[in-house]
Each structure stands twice: as C-alpha cells, then as structure tokens.
Amino acid sequence: MGANFLLSFYMLRYFVDKNIALASTLNSQFYTDPLIFEETKERIFALSPQFIGDTSLIDEAGQCHPFTLLKNYLNEPLLLTRDQHQNVHCLANVCTHRGNILIGQPCKTNTLRCKYHGRLFALDGNFISMPEFKEVQHFPSPLDDLKKLPLFPLGRLLFTSLKNDLDFSVYLKNMMERLDWLPLNEFIFRPELSKDYYVKAHWALYCENYLEGFHIPFVHAGLNTVIDYGEYTTELFRYSNLQLGIAKGEENCFNLPPSSIDHGKKIAAYYFWIFPNMMFNFYPWGLSINVVQPIAIDKTKVSFFTYIWKEEKYNRGAGSNLDKVEMEDEEIVQTVQKGIRSRFYQHGRYSVTREQGTHHFHRLISEFMQ
Ligand code: FES
Ligand SMILES: [Fe+2]
C-alpha cells in the first residue's frame with residue numbers, strides 16, 4: 001500500500017501527457033526542489049551522451065588531455081589519450097590504487113605514471129606495473145586497469161557517457177543522416193570565437209526556451225527579420241529534435257545538394273537538440289555547439305563552441321549576432337526563473353503548433369525521472 005502510494009506520487013509528480021493537446025507542462029517542483037536537482041544527476045546526465053571537444057585536443061600520439069565531465073555537477077575526472085597506434089581512449093583519470101588523480105595537466109607521454117606511489121598504466125588504460133606489490137595475491141586483475149569509457153566520434157567531434165552501453169547512434173543518428181552531405185571534418189574549432197555564458201536560471205528553463213521558436217517574434221526582434229516565423233517547423237525524434245529555420249530572403253541560406261531531403265528549401269539554420277543538454281546549430285558558415293551545464297539549481301553555464309566551415313559567410317543571416325540573441329534569451333529565462341518559484345504557479349499548457357519541442361523535452365524528463 002505504502003510503496004504503491006509512493007510510486008503513484010512519483011509518477012504524478014513527473015507526469016506529462018503524451019497528447020500535447022491534453023498535456024500540462026512539467027510541475028514547477030522540478031525546477032525548485034534541491035533533491036530533484038540532485039536526482040537528475042544520476043537519472044538523466046549520467047545516462048546520456050556528453051560532448052568532450054574535438055580530436056585537436058589529442059592530435060598526436062602520446063597526447064593526454066585531462067578534463068572534468070560537467071564540472072560542478074557530475075564532476076567526473078576523465079582523461080582523453082591517443083596511443084602509439086593512433087587509437088583514442090576515454091579513461092577514468094583516477095588511479096586504481098588509492099584514488100589519486102592521475103594526470104593534472106595536458107601532456108605528451110608514453111605511459112601514465114601515478115605521482116603518489118608510482119603505479120604505471122599504458123595509454124589505453126591497461127595496468128603495467130606497481131612498486132612493492134610482489135606479495136599481493138590475485139594481483140593484478142582487470143580491476144587494476146583504468147576504467148574505460150565509451151567514446152563516440154562524429155567527424156572530429158568526440159562524445160562520451162558515464163553509461164557503459166549507451167547507444168550513441170539513437171541520440172545522434174537523425175542529425176547525422178539529415179546532414180550527411182556536410183563535410184564535418186572540414187569544420188575548424190575557433191577558440192577566439194567561442195565563449196562561456198553564465199545564466200541565473202535552472203538548466204531546464206534554458207533548454208526549454210531553446211526548444212520553441214514561439215518566442216522569436218516577442219523576444220528576438222533582430223532574428224525575426226531574417227527567419228520566416230510562419231514557416232518555422234519542429235521535427236521530433238527519439239532523443240533529439242530539429243527546428244528548421246527558414247529564411248525570409250534568398251541570401252544566407254544553405255546551398256543544399258540534390259541528395260538532401262531539404263533540397264529546394266531556403267534553410268537559414270538547422271537547430272538540432274540532443275537530450276538532455278546539447279544544441280547543434282548549423283548555419284551556412286559552420287556550427288555553433290551549445291553545451292548546457294548545471295552548476296546550481298538556479299545557475300547554469302552555457303558553453304558556445306564555434307566551428308567555422310565557410311569563413312566568408314560568418315556572422316550573416318540567422319547565424320549572426322549570436323551574442324545579442326543569447327542576451328535576449330538569458331534575460332527572459334532569468335525572469336522565468338523568478339516566476340517559476342511563485343506559490344501561485346504550478347504548471348501551464350502547451351501550444352500544439354508552437355511548443356512541440358518543449359513538450360518533447362518534458363516528456364523525456366518525465367521518462368528518465370520515473
Ligand atoms: S594512488 Fe596511485 S599509486 Fe597509489
Ligand atoms: Fe531564443
């Protein structure tokens with residue numbers, strides 16, 4: 001009886017009806033309850049794909065790149081390496097002896113030696129040797145190797161997950177197929193055009209704002225002059241979705257090959273979103289990847305990674321003034337952050353024609369949290 005009651009309580013808390021015309025939005029408790037914010041770590045973020053960066057981090061054999069996966073949230077110390085056979089590995093950056101962090105700074109090396117008691121590993125994470133361990137029985141075992149994490153490449157872009165058997169393709173295949181004509185390998189990361197933003201709002205409020213073009217005429221006067229609001233569409237996939245920005249004019253559109261199913265359309269931007277926190281915005285000049293990183297229940301870091309494909313088209317059309325568009329989004333999302341805490345707000349309803357992406361996002365949250 002008690003267990004059943006608890007179960008239905010949890011189901012009700014996150015329930016979002018499949019039918020958008022009947023559905024109410026996610027309960028405001030999701031954005032305000034610190035326990036739910038903690039639960040989301042393991043239930044959503046630890047089970048999903050996460051962006052690392054691209055292969056330029058480890059261009060040459062022997063290069064090692066330590067990083068923290070979702071710093072201040074998942075806080076998982078990881079290590080990217082390229083071995084002498086040019087194979088790239090994603091490993092736990094934690095020594096299997098007593099848990100020291102193995103590599104502190106990017107470096108080039110043939111082996112990984114722990115600075116605490118000298119345990120030695122190969123660049124693929126396999127245990128090699130350990131001083132003063134001759135008497136230890138049943139040693140070494142596979143548990144003494146560094147934990148290996150899955151690694152998924154998309155062109156030069158690299159993804160990993162804390163979930164061992166994650167099927168990355170379910171998350172990424174719709175984007176890969178739709179843009180299979182794009183030479184992703186030619187996209188070059190430009191750090192000087194990349195930027196981190198700090199938003200005083202819950203991470204999901206930032207995502208759900210991204211997931212609808214409904215607010216464009218109200219919030220983005222500039223963007224509204226180049227995007228045709230009437231033609232704006234949203235397509236839903238299993239763990240991702242696509243918003244298609246159609247241009248008002250002929251300029252600053254993709255030159256689509258006949259093989260593309262969008263051939264003949266005036267596409268200004270492909271806005272792909274991958275659950276739970278990645279946005280891939282393709283413009284005729286290249287790609288802006290936005291990674292949404294929770295820091296606190298009301299604080300979020302959003303990193304914009306800029307990849308240039310055609311420099312001469314940079315900062316034109318829908319992909320121009322991205323900083324201004326971001327400021328407009330942040331302002332409205334931060335205002336919602338204040339409203340969502342109100343005693344008088346619990347949830348709202350969706351526009352059937354304009355908020356399919358937000359509904360999809362809430363449905364996935366509800367699926368993962370139950
Ligand atoms: S913690 Fe690494 S060798 Fe002891
Ligand atoms: Fe926006």
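List of remarks:
- The C-beta contact set for region 102-116 (first residue closer than 13 Å to LEU79 by Cβ, second residue within 16 Å of ligand 2 (Cβ to nearest atom), distance under 9 angstrom, 6+ apart or interchain) is empty.
- Pair list, Cβ under 8 Å, 6 or more apart: region 206-220 residue within 10 Å of PHE361 (Cβ to Cβ), other residue among the aromatic types (Phe, Trp, Tyr) and away from ligand 1 (no atom under 16 Å from the Cβ): CYS207/TRP273; CYS207/PHE361; GLU208/PHE361; TYR210/TYR271; TYR210/TRP273; LEU211/TRP273; LEU211/PHE361
- Any hit, region 61-71, residues being charged (D, E, K, R) and within 15 Å of LEU146 (Cβ to Cβ): no
- Of all residues in region 56-80, exactly one satisfies the criterion of being surrounded by 18 or more Cβ atoms within 10 Å (Cβ to Cβ) and among the polar types (S, T, N, Q), namely GLN63.
- Flag for LEU154 being aliphatic (A, V, I, L, M), closer than 30 Å to PRO183 by Cβ, more than 16 Å from ligand 2 (Cβ to nearest atom) and without any contact (Cβ under 8 Å) to a residue 60 or more places away in the chain: yes
- Matching residues, region 73-91, being farther than 18 Å from ASP59 by Cβ, part of a strand (DSSP E or B) and touching a residue at least 60 places away in the same chain (Cβ under 8 Å): GLU76, LEU78
- Residue in region 340-357 that is part of a helix (DSSP H, G or I), farther than 28 Å from GLY230 by Cβ and either out of contact with any strand residue (DSSP E or B) (no Cβ under 9 Å at 6 or more places or on another chain) or among the β-branched types (Val, Ile, Thr) (or both) present: yes
- Residue in region 307-326 that is part of a strand (DSSP E or B), among the charged types (D, E, K, R) and either surrounded by fewer than 17 Cβ atoms within 10 Å (Cβ to Cβ) or within 16 Å of ligand 2 (Cβ to nearest atom) (or both) present: no
- When region 195-220 is filtered for residues that are hydrophobic (A, V, I, L, M, F, W, C) and either within 18 Å of TRP273 (Cα to Cα) or crowded, with 21+ Cβ neighbours inside 10 Å (or both), the ones remaining, listed by number, are VAL199, ALA201, TRP203, ALA204, LEU205, CYS207, LEU211, PHE214, ILE216.
- Filtered residues of region 221-230 (kept if more than 11 Å from ligand 2 (Cβ to nearest atom), surrounded by 15 or more Cβ atoms within 10 Å (Cβ to Cβ) and free of Cβ contacts under 8 Å to residues at least 40 places away in the same chain): TYR229
FYI, it's all coordinate maths here, none of it is from the lab. Treat the numbers as computed from the prediction; the structure is a model and nothing was measured. Because the Cβ atoms are built from the backbone with ideal geometry, glycine has one as well, and the counts that use them run over all protein chains shown.
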